[in-house]
C-alpha cells in the first residue's frame, strides 16, 4: 500500500482528502507539527507528498526545498493560488505537479496515480532514519539537520547507523567495533575513538552537536 504524507493545515480539508484517499486504498498520514515537516517525512517515509503552499511558520516552498535535500519522492502541490508564477516556482523548486484549489477528488486521484506509476516503475525511494531532528540517509551515506548536510566516511556512517538503530539505549564500544569489523575495517580502541571524534565534529558542523553522548563504563548513546 502506498503511503501519502499530507501537509495541509486546514483540518477540514485535510480530513476530507485523507478519507477520500483511504477509500482508494492509500495510506494517508497528516502532518500536525508545521515547525518540522522534514522530521515527519523521515519518520513516515511516504511514497508521495501532498503539500499546501500556505502553511504556518514556513510555506510549502520552504518544505519542498527541504524534502528535496533528502529525497526524490514525488511532490504534488495543492494551492488556492492558481497563477502561473506559483506554478513555475513550485516546479523550479522540485515539485512534480501542481493542483489548484478547489479541485475535484477524481482529478487529485488521477494525478497521484500518474505520479506513483511514473516514480515507482523506475526507482526506489531512499531510506531514512530520523532521531531528534537528525536524519541519516542510508542510501547516500549522509547526515543532515535543519537543512545542513554532511557526507560520512564508511566507518562514521556505520557508527551512526548502529547508534540510530539502538536510539535511547547505550551501545558498548565492543559492539561498535564488532559491527565495524563486519565491513572488513581494521578497528581497535584508538581507531574507534578517532572515528567517533570525527563524527561528532561533522555533527557539530551541521548544528547537531551533542547528539552522541558518552556513558562512562557503558558506551555511547543518542
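Find the relative contact order for region 128-221 and round it to a whole percent, using C-alpha pairs within less than 8 Å whose residues are 6+ positions apart. Spell out each step's value before the answer.
Details: 116 pairs, mean separation 25.8, N = 94.
Result for region 128-221 is 27 percent.
Compute the angle between helix 105-120 and the longest alpha-carbon principal axis of the chain, please, reported from 0 to 90 degrees and rounded to the nearest 10.
Tilt relative to the chain: about 40 degrees.
If each residue's Cβ is checked for other Cβ atoms within 10 Å, how do 87, 76 rank with the fewest at the top? Write down the numbers at each step before the final one.
Working: 87 17, 76 20.
Ordered by Cβ neighbours within 10 Å, fewest first: 87, 76.
Can you work out D for the chain in µm² s⁻¹ from Stokes-Einstein, where Rh is the Kirkwood radius over C-alpha pairs, the temperature is 10 °C and the viscosity is 1.306 mPa s?
Details: Rh = 19.0 Å.
In µm²/s, the coefficient is 83.
Report the FRET efficiency, 1/(1 + (r/R0)^6), for residue 138 and residue 19, where r is their Cβ-Cβ distance and R0 is 45 Å, rounded to 0.05. Intermediate results must be reported in sequence, preceding the final value.
Details: r = 33 Å, r/R0 = 0.73.
In this case the efficiency is close to 0.85.
Label residue 166 and residue 92 with points 7 Å out from Cα along Cα→Cβ: what is the distance between them in nm?
For the pair residue 166/residue 92, the computed spacing is 4.9 nm.
Stretch residue 65-residue 9 to full length: gain in nm at 0.36 nm per residue minus the Cα-Cα span?
Between residue 65 and residue 9, full extension yields 18.3 nm more.
Which value does Rg/Rh take for region 3-120 over its C-alpha atoms, Rh per Kirkwood? Mind dumping the intermediate values first?
Details: Rg = 12.8 Å, Rh = 14.0 Å.
Taking Rh as the inverse mean 1/r over Cα pairs, Rg/Rh reads 0.91.
Along each principal axis of its Cα atoms, how long is region 128-221 end to end? Whole angstroms, biggest number first, please.
34, 27, 20
Can you tell me, using C-alpha contacts under 8 Å and at least 6 residues apart, the relative contact order of the chain as a whole percent? Intermediate values should be presented prior to the final figure.
Details: 333 pairs, mean separation 30.4, N = 222.
Here the relative contact order equals 14 percent.
Can you give the relative contact order of region 3-120 as a percent, counting alpha carbon pairs under 8 Å and 6+ residues apart? Could you put the intermediate results ahead of the total?
On the way: 172 pairs, mean separation 27.1, N = 118.
Contact order relative to length: 23 percent.
By how many nm would the segment from residue 80 to residue 116 lengthen if fully extended, with 0.36 nm per residue of separation less the alpha-carbon distance?
On the way: separation 36, 0.36 × 36 = 12.96 nm, distance 2.34 nm.
Contour length minus the Cα-Cα distance gives 10.6 nm.
Can you give me the angle between helix 189-205 and the longest principal axis of the chain, using Cα atoms only, in degrees from 0 to 90, rounded to the nearest 10?
The helix 189-205 is inclined about 30 degrees to the chain.
For residue 148 and residue 105, what does the FRET efficiency come to when R0 = 30 Å and r is the distance between their Cβ atoms, rounded to the nearest 0.05?
0.20
Mind checking the full-extension length gain between residue 221 and residue 193? Use 0.36 nm per residue of separation minus the Cα-Cα distance, one decimal, nm.
In short, 8.6 nm is gained.
Compute the distance in nm between two label points, each set 7 Å from the Cα along the Cα-to-Cβ direction, one at residue 35 and one at residue 57.
Result for the modelled spin labels: 0.6 nm.
Kindly provide the helix-only [θ] at 222 nm of the chain, computed as the sum of -39,500 (n - 2.57) over DSSP H runs of four or more divided by all residues, to the nearest 500 deg cm²/dmol?
Numbers: 8 runs with 95 residues, N = 222.
Dividing the helical sum by the residues of the chain leaves -13000 deg cm²/dmol.
With angles folded into 0 to 90 degrees, how steeply does helix 154-165 sit against the dominant principal axis of the chain? Use alpha carbons for both and round to 10.
The angle comes out near 70 degrees.
Please report the antiparallel percentage of the DSSP beta bridges confined to the chain, to the nearest 5. Walk me through the numbers before you get to the answer.
Details: 15 of 31 bridges.
Once the DSSP bridges in the chain are tallied, antiparallel ones form about 50 percent.
Every number in this text was worked out from the coordinates using simple rules, so none of it is lab data. Not measured: the values here are computed from a predicted model. All Cβ positions, glycine included, derive from the backbone under ideal geometry; neighbour counts span all protein chains shown.
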